[in-house]
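Q: The structure is given below, and queries will be raised subsequently.
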There are 2 protein chains.
Amino acid sequence: MTNPKEAAHKATGHTQRGQCSKRLSILDAAAEVFCREGFAGASIDEIAVEAGVSRQTIYNHYREKETLFTAVVEDVMNRTNASLFSILATFPDKPDNLEDDLSAFAVRLAQNCLCNQDGKFLRKLVQSEGERYPQLFEGWRRHGPGKIGTALAALFARLSHGGGLQMDDFDLAARQFLALVNADLQMITLFGESPTGEQLDNAARNAVRTFLRAYSAPAGNPAMGADNGPQRAPQA
Amino acid sequence: MTNPKEAAHKATGHTQRGQCSKRLSILDAAAEVFCREGFAGASIDEIAVEAGVSRQTIYNHYREKETLFTAVVEDVMNRTNASLFSILATFPDKPDNLEDDLSAFAVRLAQNCLCNQDGKFLRKLVQSEGERYPQLFEGWRRHGPGKIGTALAALFARLSHGGGLQMDDFDLAARQFLALVNADLQMITLFGESPTGEQLDNAARNAVRTFLRAYSAPAGNPAMGADNGPQRAPQA
DNA sequence: GACGTTTTAGACAATAGTGTCTAATTTGAC
DNA sequence: GTCAAATTAGACACTATTGTCTAAAACGTC
């Protein structure tokens, strides 16, 4: 028995709803189980039960456990990626209150990418299986935190140019921004639960305040251009 | 080559040296294998081979796999804890250059607790098995990042009182300090390798610069005052 | 209703791992 | 050298899991 289904699924737009919905529920259940049990601990039977399909159907769509795993990782990465950019687009073009805008932005980012089910999945699985599948997660490095990093860096560059921020290493600032947002959150998410709205708000507020204390342009200096104020001594 | 066997260990009633060294090599090998394979993926046989003992000896010392696992976690936590406090003691009583002293401190912290083999173990295993063994890792929360957090907070309180720093939430500052140090490091450690000395230096330097820009007391302001306004640091 | 495809349940072999048991062997203390 | 404790190798029963196979059932389309 070859696999006409994979070809059919990819090539033709003739996809049947049944097939597709099975695929989706398998991916969903697999993400759940892989995340909960890890790759070695997850059993195909468990996934099949949770997905509401027979084990054979899984082996039908994905040759073996590893194939399923990589498919799940790619699926979650794509979803996270999409969500990421839709959130980036929500940052106002002309922020009127940088602290409020950045805080709200951090909250959206945290709850849709970081504290998400998908975010949890990626964090856990990259951590535990990253060394075993380097080429798989190298995509995550580039398109996950890598991409959010560069996107954030671009945002900060824009804000710097607009005069609200002042910094010389946008990538560094982006990494630090994310680290600060996570500072208060990781203890919660690591414990396995999702932060409440209030916890999210506080974490974002704390992160943004510190970030702005380090990087906001001197008040009353509507700086244009890239000139550097007397803010920091470029050390060594 | 993992046998510091002359270390004085816990006296368990009938202490013989042979027993003790076996115990240590079992714990060592188990830590290695659990870290590499996760709890489910690790096999007792693999650990036995790596430890250079027979499988039966492991079952002799630890009733079952789970017992061994918890013993390993506790062992690693204790080691990390000890290392932590010895490092904390290295921070000078009267720092002459806050940036340099904090950077050097951050480097020591990172390479002895965070990027360590033990640090890697705790990060990975807490992440992947934390939800399954909450009571086990609750100790980690209190004595790991929890304890380092409070110890750091105490340090920052001292520095604030001395006039070098200015902040009103010491615990928050401690969390943020650690987060900033990790900001540049986690991408490296997550990938599985240890950072070079240069990477460590840069990460620490970047973290401390941002931290001080957010929290250093205004120059020429000797001390006191729990109040901190939204001022930034002209530093240098 | 007929037909091709997908799905299903279940049996199946093969492999791997856990934890126990026993008997032989080593080890260290006296 | 003796003796007891620790260690070892190996067999063992038991369970779990992977991945394959087959024949029956469900599904969708015409």
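The values are calculated or read from the model by the stated rules, or taken from the named source; none is laboratory data. Note that the coordinates shown come from a computational prediction; the quantities given were computed from them, not determined experimentally. All Cβ positions, glycine included, derive from the backbone under ideal geometry; neighbour counts span all protein chains shown. Quick note on the areas: whole protein, heavy atoms, side chains included, nothing else; ligands and nucleic acids left out. Shrake-Rupley method; radii C 1.70, N 1.55, O 1.52, S 1.80 Å.
Residues checked against (1) part of a loop (DSSP other than H, G, I, E, B); (2) more than 8 Å from every other protein chain (Cβ to nearest Cβ); (3) within 22 Å of A:Ala173 (Cα to Cα); (4) at pLDDT below 85:
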{"residue": "B:Glu198", "(1), (2), (3), (4)": "no, yes, yes, no"}
{"residue": "B:Thr210", "(1), (2), (3), (4)": "no, no, yes, no"}
{"residue": "B:Gly220", "(1), (2), (3), (4)": "yes, yes, no, yes"}
{"residue": "B:Ala223", "(1), (2), (3), (4)": "yes, yes, no, yes"}
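Q: If you don't mind, there's one more thing I want to ask. Quick one: count up the residues across the range A:103-121 that are within 14 Å of chain B (Cβ to nearest Cβ) and within 22 Å of A:Asp171 (Cα to Cα).
A: Qualifying residue count, the range A:103-121: 4.
Q: Cβ contacts < 6 Å: first residue within 9 Å of chain A (Cβ to nearest Cβ), restricted to the range B:164-191; second residue assigned to a loop (DSSP other than H, G, I, E, B), any location; separation 6+ or different chain. Result?
A: B:Ala173/B:Met167
Q: Looking at this structure, is A:Ala151 open to solvent by 10 Å² or more (accessible area, probe 1.4 Å) and more than 20 Å from A:Ala31 (Cβ to Cβ)?
A: yes
Q: Within the range A:64-81, restricting attention to residues that are without any contact (Cβ under 8 Å) to a residue 24 or more places away in the chain and away from chain B (no Cβ under 14 Å), which residue is farthest from DNA strand D (Cβ to nearest atom)?
A: A:Asn78
Q: Among the helices (runs of 4 or more DSSP H) contained in the range A:35-133, which hold 2 or more residues that are more than 17 Å from the chain's Cα centre (by Cα) and surrounded by fewer than 19 Cβ atoms within 10 Å (Cβ to Cβ)?
A: A:44-51, A:55-61, A:65-88, A:98-109
Q: Select from the range B:33-48 the residues that are more than 9 Å from DNA strand D (Cβ to nearest atom) and away from chain A (no Cβ under 13 Å) and list them in ascending order.
A: B:Ile44, B:Asp45, B:Ile47, listed by residue number.
Q: Within the range B:139-149, is there a residue that is within 13 Å of chain A (Cβ to nearest Cβ) and part of a loop (DSSP other than H, G, I, E, B)?
A: yes
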